[in-house]
């Protein structure tokens, strides 16, 4: 595999420097990527991407065993690992044969909670911007009704009534939603 990286470097001095770095950090980079990805093949892919980027920029590495060089290499590996991790999160599984089937209520509850959460998000998107903002300030940012009134520049009673109406509209949307 090292020959693939070396083919990206033009000068012999760069190839020697890369080889030294490769052997010095290969195992560390692999274990670092594995600690993020928890998958051997993905960790190897991340390590491969990191060393390709290193090979392409070997001229910019001034000192082989400095903390800066090590930091640079680990930043590359982290970026590559996170890129693979995010890509894996978006992938839809096609092989379910290795999934563990359980009769546990925990899994059922988790699925139900996820469906409820998706239903709530869907209903929130249907609300007006004003209703959404009121509920966001109250539920997510945990603002008091008085704080909301001050933010919106309205009276306490008006904020209280608007929040009540926004909750009612959300409740109606949740009850009428057919997302099950």
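For this structure, a couple of remarks:
- The residues of the range 4-25 that are loosely packed, with under 14 Cβ neighbours inside 10 Å and within 18 Å of residue 72 (Cα to Cα), listed by number, are 20, 23.
- Evaluation of residue 138 against the conditions (1) at pLDDT 85 or above; (2) within 20 Å of residue 33 (Cβ to Cβ) shows that the sole unmet condition is (2).
The values are calculated or read from the model by the stated rules, or taken from the named source; none is laboratory data. Everything quoted here is computed from the prediction, not taken from an experiment. Every residue, glycine as well, gets a Cβ built from its backbone with ideal geometry; the counts of neighbours run over all protein chains shown.
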